[in-house]
1. Is there any pair with a first residue in the stretch A:1-19 that is at pLDDT below 95 and part of a loop (DSSP other than H, G, I, E, B) and a second that is surrounded by 13 or more Cβ atoms within 10 Å (Cβ to Cβ) and hydroxyl-bearing (Ser, Thr, Tyr) whose Cβ atoms are under 7 Å apart and which are 6 or more apart or on different chains, and what are they?
2. Can you confirm whether the stretch A:4-18 contains a residue that is surrounded by 19 or more Cβ atoms within 10 Å (Cβ to Cβ) and among the hydroxyl-bearing types (Ser, Thr, Tyr)?
3. Sort out which residues of the stretch B:7-46 are part of a loop (DSSP other than H, G, I, E, B) and under 13 Å from the mean Cα position of the chain (by Cα), and write them in order of number.
4. When the stretch B:76-99 is examined, which residues are found to be over 16 Å from residue B:44 (Cα atoms) and more than 14 Å from every other protein chain (Cβ to nearest Cβ)?
5. Pick out the one residue from A:15, A:60 that is aliphatic (A, V, I, L, M), farther than 21 Å from residue B:43 by Cβ and in contact with a Ser or Thr (Cβ under 7 Å, 6 or more places away or on another chain).
6. Can you find, within the stretch A:20-31, the residue that is surrounded by the most Cβ atoms within 10 Å (Cβ to Cβ) among those that are of a type in the set (A, V, I, L, M, F, W, C) and under 12 Å from the mean Cα position of the chain (by Cα)?
7. Can you list the strands (runs of 3 or more DSSP E) lying wholly within the stretch A:26-114 that have 3 or more residues being farther than 27 Å from residue B:90 by Cβ?
8. Just to be sure before I move on: is residue A:89 away from every other protein chain (no Cβ under 14 Å), buried (at least 18 other Cβ atoms within 10 Å of the Cβ) and modelled with pLDDT of 95 or more in the structure I sent?
Amino acid sequence: DAGVIQSPRHEVTEMGQEVTLRCKPISGHNSLFWYRQTMMRGLELLIYFNNNVPIDDSGMPEDRFSAKMPNASFSTLKIQPSEPRDSAVYFCASSFGTGDAGYTFGSGTRLTVV
Amino acid sequence: KQEVTQIPAALSVPEGENLVLNCSFTDSAIYNLQWFRQDPGKGLTSLLLIQSSQREQTSGRLNASLDKSSGRSTLYIAASQPGDSATYLCAVGYGNKLVFGAGTILRVKS
């Protein structure tokens, strides 16, 4: 298995632009998570899906952030409009069930908003 | 509130030393606990996963223990090597939610 695949690896965009981050979970995993990592706040859970349904989006910081999972093999995290304080590394992770076999993380997308 | 604390925040040791990283959590109703390694600019690599019913897990030079009643876990690294230098993250699983500690930055000097 290729693991959790995220794209792009790096994204530099101007303030006010729309940013879309993509994630392909491990085949067979039915839970998908989006995390954000910053120096100040560490790793924070933004949202997670179970069987393609958003279960908990309480970590999404503002309405500018939205996430979708149209099918079991693809998810997007969109920021519109982007702001400099959104600069961070965004990780996608997947697991099966309640994570009894652990969680597998992607390599992350480093977002810089200038 | 579910909080995870890791001590120390940073650690520098000479090659060959045995060392212990500590993790504590406030809510003991955990499903599992996972230790990750993160190299600079990279993603998270899973090291060990301990289920709530287990006391410890071992993989090579790594041993992780779990004491749910006291809300603590330790990661023991034997005979440390420069290649072990990285940030080590403790993540506590509560159902479908992982709560991370801030990490321990480890440097092993050759």
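The values are calculated or read from the model by the stated rules, or taken from the named source; none is laboratory data. Keep in mind that what you see is a predicted model, and the values were worked out from it rather than measured. Every residue, glycine among them, receives a Cβ derived from its backbone with ideal geometry; neighbour counts consider all protein chains shown.
1. What qualifies is A:3/A:104.
2. There is no residue in the stretch A:4-18 that is surrounded by 19 or more Cβ atoms within 10 Å (Cβ to Cβ) and among the hydroxyl-bearing types (Ser, Thr, Tyr).
3. Once the filter is applied, which keeps residues that are part of a loop (DSSP other than H, G, I, E, B) and under 13 Å from the mean Cα position of the chain (by Cα), the stretch B:7-46 yields B:8, B:9.
4. Scanning the stretch B:76-99 gives B:76, B:77, B:78, B:79, B:80, B:81, B:82.
5. Numbers: A:60 fails: in contact with a Ser or Thr (Cβ under 7 Å, 6 or more places away or on another chain).
Answer to the selection: A:15.
6. Selected residue: A:23.
7. Output list reads A:65-71, A:74-79.
8. no
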